[in-house]
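The values are calculated or read from the model by the stated rules, or taken from the named source; none is laboratory data. All values derive from a computational prediction rather than experimental measurement. Glycine gets a Cβ as well: all are built from the backbone with ideal geometry, and neighbour counts include every protein chain shown. Ligands, DNA and RNA are stripped out before the accessible areas are found, and what is left, the full protein with its side chains, is counted by its heavy atoms. Shrake-Rupley method; radii C 1.70, N 1.55, O 1.52, S 1.80 Å.
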Amino acid sequence: MEELKTRTTDYLSSVGIEVPSHLPTIEEMDEVTPRSAQDVAGRLSALAYVIGLGFGAKGSDLSEQLQKYDLLPFVSEREKALLSEEVIDDQDKVDMSWQTECAQSLAWCIGLVELDHFQHCDDDLAQKIPFKTDPSDFIRSAKLRPIAEIQEQADLLYRMHWYARNCRLAGRDCDLSESLISERRKAIDWVYGVEEDWDEVPMDT
């Protein structure tokens, strides 16, 4: 893990992002329980609907589709609560819309896209996720990237998150979007198995 930390820190330095060497290593494999490819594909399929809350879709309509395609087990408790509300507040809408970046990370984990943390999610991301069609084949056939690659992303995003947050707290300009990085980190850490409950994935830096 120290070697991984060093590789990540050296890479970040090469692109102009300096992070301190005293930051800790991330969780080792014996401390986590990685999700299966089917967990990831199911969660991604569910997010295709949940994200709609951020763009004005009615929760009742989305819930109907989620139930129709047996995707409710892949919806978090917070999301279920929001789906049941007649109207959600502006901050919740923002939070749900930012989950497009979670979707980009999840899609990367099953080999559908690449990740560039200096760019927002792919314009055609939605076309790669089942929507208003049966996702069962998509979920069943999903294959996870090697766990070592997911671990590398977890380490990279942790250190990028520290940098972006530190820039904000220090009032400095930043080439990274803290919201983008934190959402992608949340999804990757969930897949890596840092925390089973999506709503409780720690975002400390």
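Structure notes:
- The range 40-112, Cα convex hull volume normalised per residue, Å³: 75
- GNM result for the chain, Cα springs below 10 Å: residue of SER36, SER76, SER14 fluctuating most strongly: SER14
- Descending Cα extents along the principal axes, the range 17-65, whole Å: 48, 28, 14
- Within the shell defined by Cβ-Cβ distances under 13 Å, the residues around SER177 carry a net charge of -2, with Lys and Arg each +1 and Asp and Glu each -1.
- Checking every one of the GluC sites (Glu not before Pro) in the range 79-169 against DSSP loop status and a limit of 14 other Cβ atoms within 10 Å picks out GLU85, GLU86, GLU114.
- Average accessible surface for the chain: 51 Å² per residue, computed with a 1.4 Å probe over protein heavy atoms with every protein chain in place.
- For the range 68-160, the relative contact order comes to 28 percent (Cα pairs under 8 Å, sequence separation of at least 6).
- For the range 122-205, the fraction of alpha-carbon pairs in successive 5 Å shells from zero, as %: 3, 13, 17, 18, 20, 15, 8, 4, 2, 1
- Debye log10 I(q)/I(0) at q = 0.07, 0.14, 0.16 Å⁻¹ for the chain, Cα point scatterers: -0.21, -0.83, -1.06
- Amide N proximity, the range 2-30 versus ILE147 label position 7 Å along Cα-to-Cβ, cut-off under 11 Å: 28-30
- Remark on the chain: CYS102, CYS109, CYS121 stand apart, with no other cysteine beta carbon under 4.7 Å.
- Backbone HN-Hα couplings from phi across the range 137-150 [Karplus 6.51/-1.76/1.60, Hz, Gly and Pro as x]: 5, 4, 5, 5, 8, 5, 10, 7, 4, x, 4, 5, 5, 5
- Contact order relative to length of the chain, as percent, for alpha carbon pairs under 8 angstrom and 6 or more apart: 30
- Carbon/sulfur fraction of accessible area - the range 92-155, other protein chains in place, 1.4 Å, %: 49
- The calculated FRET efficiency for the pair ASP204 and THR133, based on their C-beta separation and a Förster distance of 45 Å, comes to about 0.70.
- Distance between the C-alpha centres of the range 181-205 and the range 122-146: 20 Å, rounded to the whole angstrom.
- Lysine pair count for the range 1-100 (Cα-Cα distance under 18 Å; residues 8 or more apart in sequence or on different chains): 5.
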